[in-house]
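Beneath this line is the structure, given in structure tokens, with notes to follow.
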Amino acid sequence: MKLSGAEILLKCLKREGVKHIFGYPGGVVLNIFDLLHEDKELKLILTRHEQGAVHAADGYARATGKPGVVLVTSGPGATNTVTGIATASMDSIPLVVFCGQVPTALIGNDAFQEADIVGITRPCTKHNYLVKDIKDLGRIIKESFYVATTGRPGPVLIDLPKDVTGSKTEFGWPDKVDIRSYNPTYQGNEWMIKQAAHAIAKAKKPVIIAGGGVILSGGAKELKELAEYTNVPVTMTLMGLGAFPGTHKLSLGMPGMHGTYFANKSIQESDLLIAVGMRFDDRVTGKISGFAPQAKIVHIDIDPTSIRKNVHVDIPIVGDVKRVLVILNKILKADVKEQWKEIRKAWLKQIQTWKMDRPLVYDETSDVIKPQYVVEKIYELTKGDAIVTTEVGQNQMWAAQFFKFDKPRTLLTSGGLGTMGYGFPAAIGAQLAFPNKLVIDIAGDGSIQMNIQELATAVINRLPVKVAILNNRYLGMVRQWQELFYQGRYAHTRLDETVPDFVKIAEAYNAVGLRATKKSEVETVLKEGLKVKKPVIMDFVVDWKEKVFPMVPAGAAIDEMLFPEEKKKKKPVKKLKAVK
Amino acid sequence: MKHTISILVENKFGVLSRISGLFSGRGYNIESLSVGETIDPQISIMTIVTVGDDRIIEQITKQLNKLVDVIKVVDMTESDHVEREMVLIKVAPRSEDKAEVLRLTEIFRGRVVDSSQKTYTIEITGDDKKIDAIVDLLKPMGIKEFVRSGKIAIAREGIKK
Ligand SMILES: Cc1ncc(C[n+]2csc(CCOP(=O)(O)OP(=O)(O)O)c2C)c(N)n1
Ligand SMILES: [Mg+2]
């Protein structure tokens with residue numbers, strides 16, 4: 001039977017198991033929207049901005065592990081997706097983004113609402129397609145889902161000219177994907193894995209660094225097994241939070257620029273780093289030449305380009321994290337005889353003293369609301385049982401530091417690109433996937449304004465997402481840098497009187513708005529906010545002066561940390577250097 | 001160090017910009033590039049000459065391999081291979097130099113592919129040393145136009161370094 005391109009698209013989406021599409025209509029995608037109007041199985045969630053649609057699909061994907069699907073129109077609709085796509089690309093999140101395009105005959109003519117979106121997104125997609133012939137449509141859709149979700153996942157974009165969705169052809173759907181030029185390596189090299197096992201047994205001061213790859217591959221259980229069996233402490237990068245329980249006694253918290261003292265110290269002193277599904281981002285390593293100077297490095301990653309990109313690796317293992325860990329654990333248990341408890345005693349004791357020396361702290365005595373206190377209270381009241389999204393800036397770092405993530409896929413945050421405006425739409429996507437879970441966006445007053453229009457999406461779809469704004473009336477993280485490195489000249493970071501009344505904004509959208517201005521009100525507001533079965537904005541008016549500590553100045557080694565002045569202890573605070 | 005990298009790619013729309021975009025986006029150099037179909041019209045071969053230390057070349061080959069449309073990447077520099085470029089040179093010699101131009105062409109096993117009252121157009125193939133040498137010799141005779149192809153390369157059979 002002959003089907004139109006639009007019919008083929010919907011049919012393929014259903015075969016891929018898609019239930020929700022995030023999107024926004026326009027002229028050249030009307031063929032598709034018209035069909036969606038009557039469709040019972042596919043639900044389109046209309047966001048209020050295409051960037052919101054992509055972030056929502058991304059949040060959906062991060063929370064579920066399934067690919068997020070987006071449908072937007074050509075030209076401005078397509079270009080509005082770019083930030084969302086780049087965000088997903090940097091964090092290896094599977095998305096399939098469909099953009100309308102002007103009819104094939106008009107492509108290249110500067111037609112109305114034409115944009116070369118395939119050209120524009122080439123560097124920020126894993127792969128992209130322009131469908132020129134309707135006969136290729138089924139295969140391309142199938143390939144797109146396959147490419148997006150296999151290997152190192154990532155966003156794939158499909159550009160759909162209007163005549164392709166409008167014309168008809170015999171429906172064809174390949175049973176399997178065969179792309180001769182695309183064959184990710186899943187199975188790690190056994191000999192290398194053996195080397196890693198022996199290195200772990202020999203190491204006196206090993207540290208595991210777990211990244212987002214552990215979560216993407218579903219390897220959290222295997223990682224825990226490795227850490228517990230060999231008695232090795234684990235630090236989790238921002239993307240890796242939740243890959244290993246933050247409350248575990250072997251957990252060191254996050255490393256890097258705003259990492260814990262003890263995570264950074266452990267890395268710097270260690271003789272073996274076992275890097276799992278992470279890519280040595282500069283926010284983790286600090287100055288490369290001063291990073292883990294004594295450590296041998298084992299690096300497990302599915303992406304060969306991640307290995308030896310930034311740091312020298314002694315034992316490279318290309319493969320799927322989970323599969324590699326399964327084999328590594330097996331080898332360790334079968335072939336390596338060690339007194340794991342004994343050989344780590346001194347090292348773990350050393351780490352324990354670092355933990356006691358400099359835990360994460362803030363001033364708990366003040367009556368002004370400290371942002372860290374709000375995060376801690378959220379953690380306490382939810383007992384950690386929530387999906388947390390964040391915006392970008394101080395709010396993101398405090399969420400990472402003070403909320404203990406025990407399970408994978410419970411922290412959704414833009415790590416690689418650091419996209420302000422990510423958290424709220426991502427929370428909407430996650431809430432759609434898990435209607436009964438508590439989903440909270442820990443936000444900043446600056447970031448929330450970047451996609452605040454999505455309140456409408458949350459309200460109309462009855463998605464009871466919670467937004468906790470750590471309202472410091474500043475682009476706080478930038479202000480922090482200005483205070484520390486630019487002599488306190490707050491060029492264009494003070495929002496103050498222009499910060500809108502978030503309670504009123506919430507109410508204007510028919511959501512609930514609450515505010516706390518004193519420490520004593522925080523708990524009441526949170527309790528009330530978390531209880532409401534509606535979207536809620538909680539505006540916490542916090543101390544604007546608060547800074548995120550520890551902090552490694554850009555360009556410094558990760559043990560050259562700054563600490564809050566009033567908590568200065570034994571170590572002198574390093575002299576500040578100007579930064580780029 | 002200079003590396004000559006052969007890349008087998010799907011002969012698809014946009015593949016050249018994927019490759020060149022990868023080089024520009026990551027700050028790698030392209031010294032020369034040539035593209036053509038292989039015997040199988042669905043596959044094209046690109047030859048790229050680039051410079052970088054071992055770490056950069058390793059990244060380049062890995063990044064190329066990661067592109068979905070790339071079938072195979074070979075760093076020709078790692079083994080024995082033959083490299084060729086072609087130039088077309090239009091010279092406008094004074095009448096007393098004409099014989100010398102023809103003599104040089106012959107010595108370098110070039111061919112005169114076009115001539116006019118005032119000019120000869122010479123075709124020469126070879127590796128870059130040979131081409132640089134003839135260019136140096138012809139320069140004083142008056143080169144009017146000069147076109148150089150990208151490099152192409154093929155592995156020698158059976159000999160591995
Ligand atoms: C889209 C975007 N623009 C600019 C930046 C640079 N930036 C990083 S943090 C930050 C301040 C964020 O302010 P706010 O949301 O209020 O968070 P706070 O740091 O105050 O918690 C800015 C501007 C960014 N990360 N993303
Ligand atoms: Mg702020």
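The values are calculated or read from the model by the stated rules, or taken from the named source; none is laboratory data. As the structure is a computational prediction, the values presented were derived from the model and not from experiment. Neighbour counts run over all protein chains shown; Cβ positions are idealised from the backbone, glycine included.
Tell me, which residue of the range B:59-117 that is of a type in the set (D, E, K, R), within 14 Å of another protein chain (Cβ to nearest Cβ) and touching a residue at least 24 places away in the same chain (Cβ under 8 Å) is surrounded by the most Cβ atoms within 10 Å (Cβ to Cβ)?
Checked the range B:59-117; the qualifying residue surrounded by the most Cβ atoms within 10 Å (Cβ to Cβ) is B:D69.
Quick check, is A:K547 loosely packed, with under 13 Cβ neighbours inside 10 Å and either in contact (Cβ under 8 Å) with a residue 60 or more places away in the chain or under 21 Å from A:I448 (Cα atoms) (or both)?
Answer is no for this residue.
Does A:G476 meet the test of being among the small types (G, A, S), within 16 Å of ligand 1 (Cβ to nearest atom), at negative phi and touching a residue at least 12 places away in the same chain (Cβ under 8 Å)?
On the way: among the small types (G, A, S): yes; within 16 Å of ligand 1 (Cβ to nearest atom): yes; at negative phi: yes; touching a residue at least 12 places away in the same chain (Cβ under 8 Å): yes.
Yes, satisfied.
Considering each of A:F434, A:F402 in turn, give the residue that is away from ligand 1 (no atom under 16 Å from the Cβ), surrounded by fewer than 23 Cβ atoms within 10 Å (Cβ to Cβ) and of a type in the set (F, W, Y). Give the derivation first.
Numbers: A:F402 fails: away from ligand 1 (no atom under 16 Å from the Cβ).
Residue meeting the stated conditions: A:F434.
Does the range A:243-291 hold any residues that are farther than 25 Å from A:G319 by Cα and among the hydroxyl-bearing types (S, T, Y), and which are they?
Passing the criteria: A:T247, A:T260, A:Y261, A:S266, A:S289.
Inspect all residues belonging to the range A:199-215 and state whether any of them is within 14 Å of another protein chain (Cβ to nearest Cβ), of a type in the set (G, A, S), closer than 30 Å to A:V82 by Cα and under 30 Å from the mean Cα position of the chain (by Cα).
No.
Does A:G529 meet the test of being within 16 Å of ligand 2 (Cβ to nearest atom), in contact (Cβ under 8 Å) with a residue 60 or more places away in the chain and under 27 Å from A:T382 (Cα atoms)?
no
For A:R152, which of the numbered conditions (1) over 20 Å from the mean Cα position of the chain (by Cα); (2) within 11 Å of chain B (Cβ to nearest Cβ); (3) assigned to a loop (DSSP other than H, G, I, E, B) fails to hold?
Unmet for A:R152, out of (1) over 20 Å from the mean Cα position of the chain (by Cα); (2) within 11 Å of chain B (Cβ to nearest Cβ); (3) assigned to a loop (DSSP other than H, G, I, E, B): (1).
Taking B:T4 as the residue in question, decide whether it is in contact with a Ser or Thr (Cβ under 8 Å, 6 or more places away or on another chain) and modelled with pLDDT of 95 or more.
So B:T4 passes the test.
Residue by residue, here is whether (1) among the aliphatic types (A, V, I, L, M); (2) surrounded by 24 or more Cβ atoms within 10 Å (Cβ to Cβ) holds:
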| site | (1), (2) |
| --- | --- |
| A:Y182 | no, no |
| A:E228 | no, no |
| A:V232 | yes, no |
| A:L238 | yes, yes |
| A:M257 | yes, no |
| A:V276 | yes, yes |
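Quick check on my filter: what residues within the range A:456-485 are away from ligand 2 (no atom under 16 Å from the Cβ) and surrounded by 24 or more Cβ atoms within 10 Å (Cβ to Cβ)?
Scanning the range A:456-485 gives A:T457, A:A458, A:V465, A:K466.
For the range B:1-55: of the residues being assigned to a strand (DSSP E or B) and surrounded by fewer than 16 Cβ atoms within 10 Å (Cβ to Cβ), which is farthest from the other protein chains (Cβ to nearest Cβ)? Steps first, please.
Filtering the range B:1-55 down to residues assigned to a strand (DSSP E or B) leaves B:2-10, B:32-37, B:43-51.
In the following step, the residues that additionally are surrounded by fewer than 16 Cβ atoms within 10 Å (Cβ to Cβ) were identified as B:2, B:36-37, B:51.
Numbers: B:K2: 21, B:G36: 18, B:E37: 16, B:V51: 18 Å.
Across the range B:1-55, the extreme among qualifying residues is B:K2.
Any chance you could count how many residues in the range A:155-184 are touching a residue at least 24 places away in the same chain (Cβ under 8 Å), away from chain B (no Cβ under 14 Å) and out of contact with any Pro (no Cβ under 6 Å at 6 or more places or on another chain)?
To start, the set of residues in the range A:155-184 that are touching a residue at least 24 places away in the same chain (Cβ under 8 Å) comprises A:155-174, A:177, A:179, A:182, A:184.
Narrowing the set further to residues that are away from chain B (no Cβ under 14 Å) leaves A:160, A:162-174.
Going one step further and asking which of them are out of contact with any Pro (no Cβ under 6 Å at 6 or more places or on another chain), we end up with A:160, A:164-174.
Residues flagged as touching a residue at least 24 places away in the same chain (Cβ under 8 Å), away from chain B (no Cβ under 14 Å) and out of contact with any Pro (no Cβ under 6 Å at 6 or more places or on another chain) within the range A:155-184 amount to 12.
Given the structure, is A:Q482 within 13 Å of ligand 1 (Cβ to nearest atom) and free of Cβ contacts under 8 Å to residues at least 12 places away in the same chain? I'd like the intermediate steps shown before the answer.
Working: within 13 Å of ligand 1 (Cβ to nearest atom): yes; free of Cβ contacts under 8 Å to residues at least 12 places away in the same chain: yes.
So A:Q482 passes the test.
Restricting attention to the range A:414-431, which residues are surrounded by fewer than 24 Cβ atoms within 10 Å (Cβ to Cβ) and within 16 Å of ligand 2 (Cβ to nearest atom)?
A:G418, A:M420
Name the pairs: first residue in the range A:338-365 and farther than 21 Å from A:L226 by Cβ, second residue at pLDDT below 95, Cβ to Cβ under 6 Å, at least 6 apart or on different chains?
A:V361/A:K567
In the list A:K349, A:K404, which residue meets the criterion of being away from ligand 2 (no atom under 16 Å from the Cβ) and either within 18 Å of the chain's Cα centre (by Cα) or assigned to a loop (DSSP other than H, G, I, E, B) (or both)?
Result of the check over A:K349, A:K404: A:K404.
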